[in-house]
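The structure under discussion appears below in the form of structure tokens.
No lab work stands behind these numbers, since they all come straight from the coordinates. Because the structure is predicted, anything quoted here is derived from the model rather than measured. With ideal geometry, Cβ positions are generated from the backbone for all residues, glycine too; neighbour counts draw on all protein chains shown.
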Amino acid sequence: MKILIADDDPQILRALRVTLTARGYQIVTAANGTEAINRGIEHHPDIYVLDLGMPELDGIDVIQGLRGWTQAPILVVSGRTGAADKVEALDAGADDYVTKPFSIDELLARLRALTRRVPSQESQPVVVMADITIDLAAKSLRRKTAKGSEIIRLTPTEWQVLELLVRNAGKLVTRRSLLQDIWGSEHVTDSGYLRLYISQLRKKIEPDPKQPRYLMTESGMGYRFVPDEV
């Protein structure tokens, strides 16, 4: 079970990493909001443990960004004790909320409860379109050939772009959302990044990259992944 812990307090990060690792969890840490999103895309944790008052991106923004592409449980661990803060976090997409200071026994109990909600590997999407198969659980992209199949190599960033679109199949994913989730809030206006990677992906998966049928551009807004079954 992999857990991402995001908090700008290095003592909390260190204590939780040691405690949870000792109990068999695999731990990934982040010290700010942007790093939390980037580490999430890179490592695909089963559960997120997030502080709200983080630099670069506030915890609420992180929750909203994560919910654009993952349904993994999110546990907020925050010093904000007001009811309005809890409601805002839960409305943004958090699954549970623990206030600081907290006991490790309570945290472990909350994590056990959230663990029961984690989907199995079999529930991860496998998308088949013409001669292309995208397997999100295995993180593989394959093309059928006369001799069987071949792996299509993607760069880490190409995979991040494709996975965000596949997990939102049929839905518009805005340029701003893609840029923020992959490159961080400081690049939300750098649409040239996206045009480059979308072009590269089309060359690898589209029958005719100049007339795409799967990776569609929504002019002035963003992109939409349209598999054959949608």
At R0 = 25 Å, how high is the FRET efficiency between R153 and Q26 if r is their beta carbon distance? Nearest 0.05 is fine. 0.45
Among the lysines, select those whose C-alpha is under 27 Å from the C-alpha of K139, and discard any that sit fewer than 8 residues away in the same chain. K2, K147, K171, K203, K204, K210
Contour excess over end-to-end distance, with Cα ends at Q71 and D91 and 0.36 nm allotted per residue: 5.8 nm
I need Y25, Y193, Y223 ordered by Cβ neighbour count within 10 Å, fewest first. Y193, Y25, Y223
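Summing +1 for each Lys or Arg and -1 for each Asp or Glu, what net charge is found among the other residues whose Cβ lies under 14 Å from the Cβ of R153?
Neighbour charge sum, excluding R153 itself: +3.
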Mean residue ellipticity at 222 nm from the helices of the chain, using -39,500 (n - 2.57) per DSSP H segment of n ≥ 4 over the full residue count, to the nearest 500 deg cm²/dmol? -12000 deg cm²/dmol
Taking the Cα-to-Cβ direction at M221 and at R176 and moving 7 Å from each Cα, how far apart do the two end points lie in nm? 1.4 nm
Please compute the modelled spin-label separation between D208 and A15, points set 7 Å along Cα→Cβ, answer in nm with one decimal. 6.2 nm
Listed by chain and number, the lysines with an alpha carbon less than 18 angstrom from that of K86, same-chain partners under 8 positions apart left out, are K100
Hey, any idea what Rg/Rh is for the chain, computing Rh the Kirkwood way over Cα pairs? 1.01
Residue with peak Gaussian network fluctuation, the chain [Cα springs, cutoff 10 Å], from S78, S191, S149: S149
From fewest to most C-beta neighbours within 10 Å, the residues D131, D51, D96, D105 line up as D105, D131, D96, D51
